Amino acid sequence: MTIPVVASRADVQVAARLFHGLAEPTRLALLTVLLDGERTVTELVRAVGASQSGVSGHLACLRSCGLVTSSPGPGRSVRYRLASTSLHTLLRAAEELLADGGHPVTLCAEQGSQYL
């Protein structure tokens, strides 16, 4: 989606939903873990150090924002993945923007949420 210089109210609301999905540290940590590929809720809980109910709630938000998708995994598990390769590009661009502004931050999936 391209946001025109004079964006319509609907375009601004859609863009705001996108950034809402990125605005919370645990959600951002989940997205960085998913940069490396599909994960189950159990794997995401271990990676970000949050509770299962917390991770599930954040994943619901990220699905609502259109940032992640899911598919059935083995047994009763569900596998989550980034909804678009453009999200990978956006996260790396944010990393560069922060570095350019004198705030070098690396979005590293291995670090988990304690570093975000």
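Quick note: the coordinates plus some simple rules give every number you see, no bench work behind them. Note that this is a predicted model, so its numbers are computed, not measured. Every residue, glycine as well, gets a Cβ built from its backbone with ideal geometry; the counts of neighbours run over all protein chains shown.
To the nearest 0.05, what FRET efficiency results for L18 and D100 with a Förster distance of 22 Å applied to their C-beta separation? Before the final figure, lay out the partial values.
Values: r = 21 Å, r/R0 = 0.97.
It comes to 0.55.
Tabulate in residue order the Karplus-calculated ³J(HN,Hα) for segment 8-18, using 6.51 cos²θ - 1.76 cosθ + 1.60 with θ = phi - 60°, rounded to whole Hz; enter x for Gly and Pro.
For segment 8-18, the Karplus-derived couplings read 6, 4, 5, 5, 5, 5, 5, 4, 5, 5, 4 Hz, x marking Gly and Pro.
Can you run phi through the Karplus equation (6.51, -1.76, 1.60; θ = phi - 60°) for segment 32-38 and list ³J(HN,Hα) in whole Hz, with x for Gly and Pro?
Taking θ as phi minus 60°, the curve returns 5, 5, 6, 4, 8, x, 4 Hz for segment 32-38.
Loop-only check: which trypsin sites (Lys or Arg not before Pro) in segment 39-98 are DSSP coil with at most 15 other Cβ within 10 angstrom? List each step's numbers first, then the result.
Details: sites: R39, R46, R63, R76, R79, R81, R92; in loops: R76.
Loop-located and lightly packed - R76.
Take T40, T89, T26 and order them by how many other Cβ atoms sit within 10 Å, fewest up front. If you can, show how the numbers build up before the last one.
Details: T40 16, T89 10, T26 20.
So the ranking, lowest neighbour count to highest, is T89, T40, T26.
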